[in-house]
Each structure stands twice: as C-alpha cells, then as structure tokens.
1. Can you give me the three principal axis dimensions of the stretch 2-94 from its C-alpha atoms, in Å, biggest first?
2. Spelling out what I want: for every residue of the stretch 2-10, take phi, set θ = phi - 60°, compute 6.51 cos²θ - 1.76 cosθ + 1.60 (Karplus), and round to whole Hz; glycine and proline get x.
3. For the residue pair Glu18 and Lys36, what label-to-label distance in nm results when each label sits 7 Å from Cα along the Cα-to-beta-carbon direction?
4. Share of Cα-Cα pairs in the stretch 1-53 beyond 12 Å, in percent?
5. Hey, can you grab everything whose amide H is under 5 Å from the amide H of Asp51? Only 5+ residues off in sequence or another chain; H modelled, so Pro and N-termini drop out.
6. What order do you get for 78-88, 3-13 when each peptide is scored by the mean count of other beta carbon atoms within 10 Å, highest first?
7. Check Ser20: other-chain or 5+ apart residues with amide H under 5 Å from its amide H, H built from backbone geometry?
8. Can you list the lysines whose alpha carbon sits under 23 Å from that of Lys60, skipping same-chain ones fewer than 8 residues off?
Amino acid sequence: MVHITFISNGGKVATAPENSNLLRVSLREQGGIPFKCGGGLCGTCKCRIEDGLENTDAIKPKERKHLRPEDFEAGYRMACQTFVKGDIKVSWVVENGKGIVVGVAPRGTAGAPAAGSPAAESPAESA
Ligand code: FES
C-alpha cells in the first residue's frame, strides 16, 4: 500500500494499492483534487507532487499539452494521468470566488480569505 498526503486538503492521508491512479484515489477517499473530464483533456487536475515525485510513473503525452518542461521539473503532474508507485505528497491550486489561492487551505475555513487579507491577492484585477 502507498500513502498519499493531500496537502491542500488539510494534509489528509489516504492509503491505496500500488500503481493506483492519483485522481481515482482522490475521488474515492475525498482527497479533493479538482477535476472535470477525468481523461486528460481539460487540465483541471493539475497538481504538484511536493514529495515523492520519484514514486510517480512516466509523464504521458496528454500531460505535455497542459504542462511545460519546467512545470514537470517543478513536480507538476495531471492527477488523472498519474499512477502512484510509492508514498507521495500532493498539493494543488485552490480556487475561490475571487481568484486563485495557491497552497494549503487553512483548516476550518470553508471559503475565501477575507477581503483585504494579505492572502487575498487578486492578480485577476491587474491588466
Ligand atoms: S481531469 Fe481533465 S485533464 Fe485531468
């Protein structure tokens, strides 16, 4: 069994058989990785393997349509295309109504950061 830590979901840990599909584990265990198509088309499931990148399988051609070489170097994968061979820790972009907050969603906060808080940068506003 492998352990998958969903960093952007409060560090929730799930176990799964070796060579499990990352998005499927997320769905089954309510890990929280965002998705739409489940088939490598939309790019929604983009996530970052923060630890254990060596425990993921080879990059698929479909991933290369959404991610650049430097993204792969930084640990980004598409969850629906990624199979897990050992323990990993994964994070992803958490979207809210105003913009995009990268990183860990604080436990117990069920929404966007308060307006004006330091975490609530709004790059969408800048032209
Ligand atoms: S869910 Fe659409 S590309 Fe992975």
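None of the figures in this text is laboratory data; all of them are computed from the coordinates on show. In this text the structure is predicted, and so the values were computed from the model without any measurement. We place every Cβ from the backbone using ideal geometry, glycine too, and count neighbours over all the protein chains shown.
1. Largest first, the stretch 2-94 extends 29, 26, 21 Å along its Cα principal axes.
2. 10, 10, 10, 9, 8, 4, 7, 10, x
3. So the label points at Glu18 and Lys36 sit 3.6 nm apart.
4. Counting every Cα pair in the stretch 1-53, those more than 12 Å apart make up 64 percent.
5. For Asp51, whose amide H was placed from the backbone, the distant partners under 5 Å are Lys89.
6. With the highest mean Cβ count within 10 Å placed first, the list reads 78-88, 3-13.
7. Val84
8. Cα-Cα hits under 23 Å: Lys36, Lys46, Lys85, Lys89.
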